[in-house]
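Undergrad: Below is the structure I would like to discuss, written out as structure tokens.
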Amino acid sequence: MILLLPLPLLVYLLSARAKQSAAPDAPEVAFPHLARLQAAFPHENPRKKSGWLHYAVLALVWAGLTAALMRPQIVSRFMQVESEGYDLMLAVDLSGSMNALDYKIDGRRVSRLDMVKSVVSRFIRHRRGDRIGLILFGTHAYLHVPLTFDTASVEKMLDNAEVGEAGGSTAIGDAIGLAVRSLRHKPANSRVLILLTDGADNSSTIPPLEAARLAKSYGIRVYTIGIGTDGPVPYPTPQGIVMAQFRTDPALLRKVAAITGGRFFEATDSAALRDIYAEIDKLEKTRMKRRSYMIRKPLFRYPLGFALILLLGFALAPVYGRVSDGG
């Protein structure tokens, strides 16, 4: 954009040269009462009064507009820090059965999803130097948060998740397959999937055991956590709390974990989930580069504002001159 600075001067020189080279016998339109028009509409050329100031103001206006187009900005310091950690992908079940009220936190009955949010949020806060991603699944599985060092964002996105937003069924195999696609190109020996679900697979397009073998081929360990208790459990409905029973499949979760070299955890209460912390810390950590964010502060508004103020003053100056002359 800096090449635009001499553009007005170039246009002026070219136009002056064009006038000099114009044919002297160029046709013109003659108006017989030109003197009468000039007397009726007297006009004084402001350039004759201002002289060099006229062109100086225009040059400053053009320079300000060009500087704004250059998009000046202040960029914060960019640093790369090497750290050791894991690539952890969390897959959380949002099927309809996660509304069952068979857990208690501080003596208050809460849903399975609320218990998962409470425990997993504490887990996320303790993961220093790890990249964490979030997969939400029900009838369908989707990547809600890609792998990131910003664990606070992952925690907030999980806290905003609601039962049923991914469908009412359970697609365990699809969730594992999506995690494999997200983790397969990450550093080896640190790829971990933590799968939290309370139901049996009933809507996957890829069988869970087949997805587990695929995860093993990429060196991804799957830790499965079975949520919920056996037997009838309280379940909220529009008519009130009723007792309902949902099918679980802990045998499937054990097989998935065993195939990938992970472990199965049965979450009978919130304390049972904490055992996974020590288990993951036994894995070999991978050195990775952690990049801090670049904070950019744009400055284009200052030269743009300067140019607009000059342009406004330039436009109003002849008006004031005419008013004063006619007053």
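Please treat every number below as a calculation from the coordinates, not as lab data. As the structure is a prediction and not an experimental result, all values here were calculated from the model. Note that each Cβ is placed from the backbone with ideal geometry, even for glycine, and that neighbours are counted across all protein chains shown.
Undergrad: Residue by residue through region 135-144, which ³J(HN,Hα) values in whole Hz follow from phi under the Karplus form 6.51 cos²θ - 1.76 cosθ + 1.60 (θ = phi - 60°), with glycine and proline marked x?
TA: Calculated HN-Hα couplings, in order: 10, 10, 9, x, 5, 10, 10, 8, 7, 7 Hz.
Undergrad: May I ask for the percentage of alpha-carbon pairs in region 80-291 that lie more than 31 Å from each other?
TA: Distances greater than 31 Å cover 14 percent of the Cα pairs.
Undergrad: So, one more: Work through the residues other than Gln245 whose Cβ is under 13 Å from its Cβ and net out their charges, Lys, Arg +1 and Asp, Glu -1.
TA: It works out to a net charge of -2.
Undergrad: Additional query: Just add up the charged neighbours of Ala161: K/R +1, D/E -1, any other residue whose Cβ is under 14 Å from the Cβ of Ala161.
TA: -3
Undergrad: Okay, moving on. Mind listing the Cα extents of region 90-154 along all three principal axes, in Å, largest one first?
TA: 33, 30, 12
Undergrad: Here is a follow-up. Need one number: % antiparallel among DSSP beta bridges in region 80-291, to the nearest 5.
TA: Roughly 45 percent of the beta bridges in region 80-291 run antiparallel, per DSSP.
Undergrad: Go through region 150-203 and name the GluC sites (Glu not before Pro) that are in a DSSP coil and have 14 or fewer other Cβ atoms within 10 Å of their Cβ.
TA: Within region 150-203, the qualifying GluC sites (Glu not before Pro) (loop, at most 14 other Cβ atoms within 10 Å) are Glu162, Glu165.
Undergrad: Which of the trypsin sites (Lys or Arg not before Pro) across region 98-153 are loop residues per DSSP, with 11 or fewer other Cβ within 10 Å?
TA: Arg128
Undergrad: Another one. For the cross-link pairs Lys186/Lys297; Lys104/Lys186; Lys156/Lys297; Lys104/Lys216, which exceed 30 Å when the distance is taken from alpha carbon to alpha carbon?
TA: Cα-Cα > 30 Å for Lys186/Lys297; Lys104/Lys186; Lys104/Lys216; rest within.
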